[in-house]
Amino acid sequence: MPGAKLWAILPAMNAEYSTCPKCHHVRQPHETAEPDHCPACGLYFAKWAARAQFVPAKHKPDAENEAIDSGWRMELRSRMQHIPEHLDNTRLYGCALLLALIAYWGFRLYGMDYRDGEMGTSFMHNILLVIHEAGHMIFMPFGEFMTILGGSLFQVLLPLICAATLLWTNRDAFGAGLGVWWTGVSLLDLAPYIYDAKEPQLIMLGGHTGEDGPHDWIYLLETFGRVQHSQSYGTAAHTLGLLVMLLGLAWSIHTLWRWHRHLQQ
């Protein structure tokens, strides 16, 4: 009988649903709620199992795809909520100090005038310049357009790749937030270059302005007939850089807050 089958699987329910299948809440060691239901949304696991048990197959969604999607989301959530094994106050306050310094540095970079290339005098620009030039080489096999776009593209992609790697491989949500912050700074660094395309003033690596030699964004924008709008695009990149930088800082602050609550408990 179907009821007997359901009764047979109930003893294993607690282990199976340490993560709620409805709201994806991960049960924490300090939670005292009964193990037969979710302390976050109140879902009773037996009812959830019964629902899946007795819905006719023709009315069920693609079970395999749903399981893959649910598993991926649960795994990502687990990594974002991961608490380091050797967490203590020293590590917490050290990360908080680092984040404060990073935030201060980021706002100093944002305050530089992107219209005259002041960002190019910063230490961060020297780091990003190497990444930018490497991007040209990496995308060279994909043709002239991608070779020229590749410098700016890789400058933005590399921090995102680092953030994703830290989160997925190391379960380091704090470091991933700093990777997102770095992405915002990369956009701040690109803003003067984009802004300069209409009336080139910046000195390129060859010692000349964009009018006298290669300028990525003159080429890219002229390809689409949009070079006259470069200053608007540069301003937009500068604003977007700030927003992405704030997103990364907020992510890392939230991670530190979770660590703080864990230590208090």
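The values are calculated or read from the model by the stated rules, or taken from the named source; none is laboratory data. This is a predicted model, so every value here is computed, not measured. Neighbour counts run over all protein chains shown; Cβ positions are idealised from the backbone, glycine included.
Annotations
- THR147 being crowded, with 22+ Cβ neighbours inside 10 Å and at pLDDT 95 or above: no
- Residues (of a type outside the set (Lys, Arg) and under 12 Å from TYR193 (Cα atoms)) located in the stretch 114-131: TYR114, ASP116, GLY117, GLU118, MET119, GLY120, HIS125, LEU129
- Pairs with Cβ under 7 Å, 6+ apart, first in the stretch 101-116 and assigned by TED's automatic domain parsing to the domain that holds THR209 and in contact (Cβ under 8 Å) with a residue 40 or more places away in the chain, second β-branched (Val, Ile, Thr) and buried (at least 19 other Cβ atoms within 10 Å of the Cβ): GLY106/VAL185; LEU109/VAL185
- Verdict on PHE154 being among the aromatic types (Phe, Trp, Tyr) and either surrounded by fewer than 17 Cβ atoms within 10 Å (Cβ to Cβ) or in contact (Cβ under 8 Å) with a residue 24 or more places away in the chain (or both): no
- Qualifying residue in the stretch 53-70 (condition: modelled with pLDDT of 70 or more, at negative phi and in contact with a helix residue (DSSP H, G or I) (Cβ under 9 Å, 6 or more places away or on another chain)): no
- Failed condition for MET124, given (1) of a type outside the set (Ser, Thr, Tyr); (2) over 24 Å from the mean Cα position of the chain (by Cα); (3) surrounded by 14 or more Cβ atoms within 10 Å (Cβ to Cβ): (2)
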